[in-house]
Amino acid sequence: MKLICLIIALSLLFPASSFAHELPDLGDVSQATITPHQERQIGLQIMRQIRADPSYLDDPEIAIYLSNLGHKLIANSDEASIGQSFEFFAVQDSSINAFALPGGFMGFNSGLIVAAQSESELAAVMSHEIAHVTQKHLARMIASQKYDWIKSIAALAVAIIASRANSQASQAVLVASQASMIQSKLDFTRKHEREADRIGLNILLDAGFDPQGMSAFFERLQRAGRFHENGAPSYLRTHPITYERIADIQNRTREMSYRQVPDSIDFLLVRAKLRALQGKPHDAVVQFKTRLDEKRYSNEVVERYGYIHALLRDKKNKQADIELAHLYQLLQISPSAPILTDHVLGKTVRVEYKNIIAGAMIETLSASVKLANGRITEAFNTYENALKVYPQHRALMHGYAQALIQNKQTEIALEFINKQLQLIQNDVQLFNLQAQCYALLGDRMLKHRALAESYMLKGHYAGAIDQLQTALKSSNGNFYQLSSVEARLKQVQALKAEEEKEEK
């Protein structure tokens with residue numbers, strides 16, 4: 001996580017001002033000095049490093065939930081979001097923080113999602129970050145700096161090397177020398193914060209969430225910062241929250257009609273899953289078990305779902321299997337069970353779109369428990385039946401393909417993966433699994449071709465070129481395959497050259 005913090009800080013400290021050698025007075029028009037395409041390119045370069053960091057949460061269920069919530073909010077933002085692309089992702093970090101990067105990339109620490117006491121609170125933070133992007137606050141910050149882009153790349157390289165080598169001395173020198181400058185460039189101005197509050201609050205309301213969620217969450221963060229002077233939530237350090245800001249938000253919400261908005265089952269399951277992933281595995285198990293024993297929960301289905309995840313993580317597979325049976329019993333007697341999933345209940349009911357993720361999440365967990373306990377046939381049946389109901393759920397796709405590979409059914413796995421890639425071309429994990437299959441089958445050319453596509457989806461042109469060149473050196477492959485790889489290599493080299501030209 002230290003690497004990610006350094007990358008974010010340095011990317012804003014040394015932005016791409018070389019795109020415009022003579023910067024006019026910025027005023028209110030950020031696009032006069034940096035275009036949306038240039039801003040996106042900066043964001044992509046930062047994201048390459050973030051995706052390579054171990055704390056990047058490459059979990060399709062969490063990513064899909066954040067994306068759905070984010071785009072629901074974007075659909076209710078003003079016209080400034082038209083033409084702006086967004087990507088939402090999670091970082092495995094218990095600290096409470098969220099951040100917007102150039103180009104519409106938005107990161108959310110797992111600690112923030114877990115700390116949100118309602119979905120409206122999470123949506124409030126997300127709408128605030130969306131407002132920063134739609135109002136071009138980041139673009140204004142980037143365009144106002146006079147640093148050369150080469151310096152930015154050099155600074156990032158130093159940070160990456162220091163972090164990879166775990167050199168505390170190197171990191172200390174880097175951070176100490178730039179601390180005051182980083183703080184001044186990274187922190188949003190008070191004007192930007194008030195503007196993001198106002199616009200974010202309108203987005204939150206128009207999207208159907210409780211507007212009180214914004215003031216409630218910010219007020220709780222402020223209290224945490226007051227009582228923990230040396231360990232204030234990270235969000236406070238980049239988004240300073242004042243009494244005036246909270247009072248202003250509260251005054252605005254008083255003018256809005258009161259609404260009680262229940263949390264979606266998707267939010268509750270994602271939050272429970274993240275709780276199970278935090279801290280030491282055994283500690284997570286104890287926390288869930290204690291809450292269940294003391295009945296300190298609002299939804300037992302959700303609590304047991306999280307408990308099973310924690311048990312699997314702690315390698316307590318038999319206990320997870322027992323708890324899975326309890327979960328199924330609970331689903332069958334719960335009055336709210338029909339809104340979860342039709343397949344889990346074993347009967348046909350009307351399933352609303354917003355609940356499809358929840359049903360698929362439970363089925364994915366069920367298959368994982370069965371695999372962990374050696375019940376291979378049952379696990380395959382669960383995957384296959386669930387994919388008929390939830391054909392687009394990526395965690396089910398990945399889990400099924402991995403299970404086939406692990407059980408030496410490589411050709412069946414490859415056939416399944418290739419079929420999915422015909423429908424979904426932007427799934428990094430599917431390409432990685434495809435490469436794994438080709439490696440097991442001894443096809444080096446197609447293995448490296450698949451890895452190249454994985455690198456391309458991550459925006460890593462150099463890595464893709466290296467894989468394609470390695471593919472061409474492979475001894476296998478027919479004329480058509482060689483021609484295809486050569487054509488793809490030329491295409492990627494052209495894209496890389498264009499990117500390098502823009503950086504000069």
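Against the condition surrounded by 17 or more Cβ atoms within 10 Å (Cβ to Cβ), modelled with pLDDT of 95 or more and either more than 30 Å from LYS370 (Cα to Cα) or not assigned by TED's automatic domain parsing to the domain that holds ILE357 (or both), how does ALA395 come out, does it pass? Against the criterion (surrounded by 17 or more Cβ atoms within 10 Å (Cβ to Cβ), modelled with pLDDT of 95 or more and either more than 30 Å from LYS370 (Cα to Cα) or not assigned by TED's automatic domain parsing to the domain that holds ILE357 (or both)), ALA395 does not qualify. When segment 348-374 is limited to residues that are part of a loop (DSSP other than H, G, I, E, B) and at pLDDT 95 or above, the one that is surrounded by the most Cβ atoms within 10 Å (Cβ to Cβ) turns out to be ASN373. Here is a check on your reading of the model: is VAL389 over 27 Å from LYS447 (Cβ atoms), at pLDDT 95 or above and of a type in the set (Val, Ile, Thr)? Considered against the rule, which asks whether it is over 27 Å from LYS447 (Cβ atoms), at pLDDT 95 or above and of a type in the set (Val, Ile, Thr), VAL389 comes out as no.
Applying the condition of being modelled with pLDDT of 95 or more and within 12 Å of GLY70 (Cα to Cα) to segment 88-107 and asking which residue is farthest from the chain's Cα centre (by Cα) yields PHE88.
Residues satisfying the criterion are present in segment 287-309 (criterion: assigned to a helix (DSSP H, G or I), among the basic types (Lys, Arg) and touching a residue at least 24 places away in the same chain (Cβ under 8 Å)). Reported count of residues in segment 97-129, each being of a type in the set (Ser, Thr, Tyr) and assigned to a loop (DSSP other than H, G, I, E, B), is 1. Restricted to helices (runs of 4 or more DSSP H) entirely inside segment 426-504, those with at least 3 residues that are exposed (fewer than 14 other Cβ atoms within 10 Å of the Cβ) and modelled with pLDDT of 95 or more are 479-503.
The values are calculated or read from the model by the stated rules, or taken from the named source; none is laboratory data. Being a predicted model, the structure only gives us computed values, none of them experimental. Here Cβ is always computed from backbone atoms with ideal geometry, including for glycine, and neighbour counts include all displayed protein chains.
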